[in-house]
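Data first, discussion second: the structure below is written as structure tokens.
The values are calculated or read from the model by the stated rules, or taken from the named source; none is laboratory data. No experiment lies behind these values; they were computed from the predicted model shown. With ideal geometry, Cβ positions are generated from the backbone for all residues, glycine too; neighbour counts draw on all protein chains shown.
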Amino acid sequence: MRLENMLPRQLKHAIDENWPLLVPAGCIENHGPHMALGNDTILVREVLDRVAERIPCVIAPAFWYGVTGYAVSGPDEGTMDMDTDVFGHYAKEVLRAFLEMGFQKILVVIHHQGTGGPEGLALQRAAGQLMFEKAVAERGRGWWGEHPPETHGNAFSTLRVLDLIRPESGVGGDHAGFYETAFLLYLRPELVNMNALGEEPLPWFCTRDGDRSEDATVEEGKRMVEAIIGALVIELSK
Ligand SMILES: [Zn+2]
């Protein structure tokens with residue numbers, strides 16, 4: 001269920017039942033001539049909508065405006081880039097508000113540049129800071145306690161940042177090449193125009209040996225996306 005569509009009573013039920021909150025993170029970025037600019041955010045949102053059909057959870061509105069470093073294009077080709085620190089401060093405020101709503105398990109899910117990219121690191125920093133601040137506020141200095149964390153709860157388990165593609169899924173990744181094109185072809189076919197790949201010149205990331213956008217198919221996308229969903233469901237069920 002998407003948070004923005006919920007009634008207050010539905011939110012209260014989700015909190016009482018300890019449903020996890022899943023927060024998609026992404027960006028607006030050029031993905032070649034054939035794919036939608038919002039691909040990285042759209043992939044996360046579409047996958048999480050399907051996860052929500054299998055386990056009870058709430059899907060938050062996405063972090064749409066992210067950090068790209070203009071890695072693949074300038075703004076004239078559709079990429080937007082936010083200052084990393086500004087993004088991190090804003091993300092921290094959003095995550096703080098989710099904690100104040102009462103969610104006990106919040107997972108930010110990112111595909112764009114992974115958890116180790118600047119946006120993923122900014123989100124991890126925000127999450128870590130919030131967990132420290134929460135622990136001190138609730139339990140005071142020395143909050144780590146006199147007993148092991150498993151006896152009073154791991155302070156960091158409330159708020160985590162996860163890669164959309166779990167290693168256990170066995171699925172690879174790229175930028176607008178075979179993998180991402182196949183994912184989007186399966187999830188949102190109307191947002192891919194394979195005919196545009198006939199236009200020249202194509203960017204390098206669409207034409208690499210063994211990883212060409214034009215080789216992507218709906219069938220391959222379905223197989224890989226199902227593996228991604230399966231691995232996420234197992235991770236979120238822990
Ligand atoms: Zn991408």
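Structure notes:
- Close pairs (6 angstrom Cβ cut-off, 6 or more residues apart or separate chains): in contact (Cβ under 8 Å) with a residue 12 or more places away in the chain and closer than 13 Å to ARG188 by Cα in segment 29-46, among the acidic types (Asp, Glu) and within 10 Å of the ligand (Cβ to nearest atom) anywhere: none
- Annotation note: of GLU168, GLU138, the sole residue that is without any contact (Cβ under 8 Å) to a residue 40 or more places away in the chain and out of contact with any His (no Cβ under 9 Å at 6 or more places or on another chain) is GLU138.
- Any hit, segment 175-186, residues being of a type in the set (Asp, Glu), surrounded by 13 or more Cβ atoms within 10 Å (Cβ to Cβ) and touching a residue at least 40 places away in the same chain (Cβ under 8 Å): yes
- Under the condition of being surrounded by 18 or more Cβ atoms within 10 Å (Cβ to Cβ) and among the hydroxyl-bearing types (Ser, Thr, Tyr), the residues counted in segment 196-238 number 1.
- GLU220 acidic (Asp, Glu), over 16 Å from HIS34 (Cβ atoms), more than 14 Å from the ligand (Cβ to nearest atom) and part of a helix (DSSP H, G or I): no
- Pairs with Cβ under 7 Å, 6+ apart, first in segment 54-82 and modelled with pLDDT of 95 or more, second among the polar types (S, T, N, Q) and in a helix (DSSP H, G or I): ALA62/THR41; TRP64/THR41; VAL67/THR84
- Residue within segment 26-43 that is within 30 Å of TRP204 (Cβ to Cβ), modelled with pLDDT of 95 or more, more than 13 Å from the ligand (Cβ to nearest atom) and in a helix (DSSP H, G or I) present: no
- Among the residues listed as ALA25, ALA14, the single one being closer than 21 Å to ILE234 by Cα, small (Gly, Ala, Ser) and surrounded by 23 or more Cβ atoms within 10 Å (Cβ to Cβ): ALA25
- Among the residues listed as PHE103, PHE87, PHE98, PHE132, the single one being at pLDDT 95 or above, out of contact with any helix residue (DSSP H, G or I) (no Cβ under 7 Å at 6 or more places or on another chain) and among the aromatic types (Phe, Trp, Tyr): PHE98
- When each of GLU119, GLU138, GLU133 is tested for being within 16 Å of the ligand (Cβ to nearest atom) and not in a loop (DSSP other than H, G, I, E, B), the lone residue that passes is GLU119.
- Of all the criteria given as (1) touching a strand residue (DSSP E or B) at 6+ places or on another chain (Cβ under 8 Å); (2) within 18 Å of SER157 (Cα to Cα); (3) not β-branched (Val, Ile, Thr); (4) not in a helix (DSSP H, G or I), the one not satisfied by GLN104 is (1).
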